[in-house]
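Enquirer: The following block contains the structure, expressed as structure tokens.
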Amino acid sequence: MAAAMHYINQNASCINCIYQESALKKELDAVRQCKKCMRKNGRPGWDPKPTVKLEFSQGTDYRGKSFIVRRVIS
């Protein structure tokens, strides 16, 4: 079984995150996703709204582990 690929999110912000409105309403799952963004580099809790355009590339960390870079372009 292949390991799940993780994302590094660049130029991500609350404004273009799908969880923003739910987190403002104090919905627990959305608040958890926001806390991931606040506490870790690469904003692992962030997911784009449907209108956000992304550019994808692949990177490798110092251990040779691959990851996907999602960069917000608009």
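Enquirer: Between Ser22 and Leu54, what is the spin-label point distance in nm, taking each point 7 Å from the Cα along the Cα→C-beta axis?
Expert: The answer from the label model is 1.5 nm.
Enquirer: Sum -39500 (n - 2.57) across every DSSP H segment of at least 4 residues in the chain, then divide by the residue count to get the 222 nm mean residue ellipticity, nearest 500.
Expert: So the calculated ellipticity at 222 nm is -6500 deg cm²/dmol.
Enquirer: Between Asp47 and residues 5 or more places away or on another chain, which pairs have amide H atoms under 5 Å apart, with H built 1.01 Å from N, and which residues are they?
Expert: Here Ile18, Tyr19 satisfy the definition.
Enquirer: Where the accessible area of the chain is counted over protein heavy atoms with a 1.4 Å probe, how much of it, in %, is carbon and sulfur?
Expert: Answer for the chain is 54 percent, counting heavy atoms of protein chains only.
Enquirer: Using a probe radius of 1.4 Å on heavy atoms only, what accessible surface per residue do you get for the stretch 1-73? Whole Å² is fine.
Expert: For the stretch 1-73, the per-residue accessible area is 77 Å².
Enquirer: What angle do you read, to the nearest 10 degrees and between 0 and 90, between the alpha-carbon axis of helix 28-39 and the longest principal axis of the chain?
Expert: Approximately 50 degrees, to the nearest 10.
Enquirer: I'd like the chymotrypsin sites (Phe, Trp or Tyr not before Pro) in the chain restricted to DSSP loop residues with at most 10 other Cβ atoms within 10 Å, sorted by number.
Expert: Tyr62
Enquirer: Taking the Cα centre of the stretch 1-73 as origin and charging only Cβ (+1 Lys, Arg; -1 Asp, Glu), how large is the dipole, in debye to the nearest 20?
Expert: 220 debye
Enquirer: In Å, what Kirkwood hydrodynamic radius results for the chain from the alpha-carbon pair distances?
Expert: Computed over Cα pairs of the chain, the Kirkwood hydrodynamic radius comes out at 13.1 Å.
Enquirer: Using +1 at the Cβ of each Lys and Arg and -1 at the Cβ of each Asp and Glu in the chain, identify which of Ile15, Val52, Cys34 lies farthest towards the dipole's positive end.
Expert: Value computed over the given set: Cys34.
The values are calculated or read from the model by the stated rules, or taken from the named source; none is laboratory data. A quick note: this is a predicted structure, and the numbers were derived from the prediction, not measured. Don't worry about glycine lacking a Cβ; one is built from the backbone with ideal geometry, like all the others, and counts go over all protein chains shown. We work out accessible area using only protein heavy atoms, side chains counted, and drop any ligands, DNA or RNA first. Shrake-Rupley method; radii C 1.70, N 1.55, O 1.52, S 1.80 Å.
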